[in-house]
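What follows is one structure encoded as structure tokens, with my remarks underneath.
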Amino acid sequence: MPQFIYNTCPICGSKSFSVIGTCSLGIVNIEKPDKVQAVKCKKCKLIFANPLPVWNKNDFSALYGQSYFPAMPTSNIREYLTPERRYKKIEKYIQTKNQNVLEFGAGIHALMAKYLYQEQHWNIAIQEPSQEFVAVLKKDFPQANVTGAEFLDMDTNKKYSLIYADSVLEHVSNPIDYIQKCADMLEAGGVLYFISPNEYSFRNWLSTLVKKMKGKPGNYLSPFTVPYHLIGFSKKSLKIISEKTGLKLVKRIKKHDYESARFIERNEGLLKYPVAWILLLADLLGWGTNQEIILRKDK
Ligand SMILES: [Zn+2]
């Protein structure tokens, strides 16, 4: 059974917030509160589920089993979003000559670790909490250090020049603990890269507008329905994370995310889908559906 945190921002600790939406309680077989709302912290603008579920190991297994990834509407798109493109954005911020990457919450593919090993000849380490996936990863990456240990329990004596997390931190109720752990495991000059949904996207703005016109509440987060998102990072919340963990926020990108890429990279044709043009424009204006965050441990 998960615990629930009520009325408290998990980043800045403020108890002052406004309600911006209602979240579905879904059908997942897990204990739930009577209702869950999406709220916006008045101090740091973080968007979070209230109450915020604190998942335990069993809950994580129930939520992220074999059925999770096929159910994800974006999972097929990731194949088209090459790690190379992301790496080109990241590499110029890394200020160490070593080449050790840790991909955590890697799922079943560990795409960045795979790319860095095959194309850039890095040393790779992979963490994934699902034991089923760990078995697959060990088979696919015999050359890697693959662990199914809890991320927060990992050894901090081993240091990395890049720690990479694709769509992980929006799933946990305590992202600061995770990012602090990354800070402890980065070498000086090393970089943490993570990608996470942008709840302040054009897509959310538009869908909320449509819902409001129909007299319905806004459409943010999905704590009890796939993909189980608990929080949405804001610019100010990232600054607070930077202050608390000592990692420098060197870049935040809200362009070229999955929404327009879905149409462009799958070659479905922009003219065929007029909505793709709108999403592409939103991406270019920095209102994309995802955000990429680069934090560095300065020397
Ligand atoms: Zn806050």
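Ordered by solvent-accessible area of protein heavy atoms (1.4 Å probe), largest first, the residues Leu221, Leu186 come out as Leu221, Leu186. When you filter the trypsin sites (Lys or Arg not before Pro) in region 178-220 for DSSP loop state and at most 13 other Cβ atoms inside 10 Å of their Cβ, you are left with Lys214. Taking 18 Å as the straight-line reach from the Cα of Lys216, the lysines in range (excluding those fewer than 8 positions away in the same chain) are Lys35, Lys40. Taking 0.36 nm per residue of sequence separation and removing the Cα-Cα distance, the Lys139/Lys214 pair yields an extension gain of 21.9 nm. Taking every alpha-carbon pair under 8 Å whose residues sit at least 6 apart, the chain reaches a relative contact order of 21 percent. Split the chain at each of the chymotrypsin sites (Phe, Trp or Tyr not before Pro) in a DSSP loop with at most 14 other beta carbon atoms within 10 Å, and the longest piece is 81-299.
Just check the chain against the gyration tensor rule for me: Cα atoms, a ≥ b ≥ c as the square roots of the eigenvalues, rounded for a/c under 1.5, and otherwise prolate or oblate depending on whether a/b exceeds b/c. Because its axes are fairly even, with a/c under 1.5, the chain counts as rounded.
Among the cysteines of the chain, Cys23, Cys182 have no other cysteine beta carbon within less than 4.7 Å of their own. For the pair Ala149 and Asp298 in one chain, pulling the backbone fully straight at 0.36 nm per residue adds 50.9 nm over the alpha carbon distance. Here the accessible area is traced with a 1.4 Å probe on the protein chains. For the chain, carbon and sulfur cover 53 percent of it.
Qualifying GluC sites (Glu not before Pro) in region 77-153, where qualification requires a DSSP coil assignment and no more than 13 other C-beta atoms within 10 Å, comprise Glu79, Glu150. The simple spin-label model puts a point 7 Å past each Cα toward its Cβ; for Ala188 and Lys236 those points are separated by 3.5 nm. Using θ = phi - 60° and the Karplus relation 6.51 cos²θ - 1.76 cosθ + 1.60, list the HN-Hα couplings for region 14-20 in order, rounded to whole Hz, with x at every Gly or Pro. Each residue of region 14-20 in turn: 5, 10, 10, 8, 10, 7, 10 Hz. The calculated FRET efficiency for Val250 paired with Glu132, based on their beta-carbon distance and R0 = 30 Å, is about 0.25. For region 1-153, the antiparallel share of DSSP beta bridges with both residues in that region comes to about 60%.
Only beta bridges with both residues in the chain are counted; by DSSP, about 60 percent of them are antiparallel. With an a/c value of 1.5 or above and a/b larger than b/c for the gyration tensor axes a ≥ b ≥ c computed over the alpha-carbon atoms, region 147-224 is described as prolate.
The values are calculated or read from the model by the stated rules, or taken from the named source; none is laboratory data. Worth saying up front: this structure is predicted, and the values here are computed from it rather than measured. Positions of Cβ are backbone-derived with ideal geometry, glycine not excepted, and every protein chain shown enters the neighbour counts. The accessibility values were calculated without ligands, DNA or RNA, using every heavy atom of the protein model including side chains. Shrake-Rupley method; radii C 1.70, N 1.55, O 1.52, S 1.80 Å.
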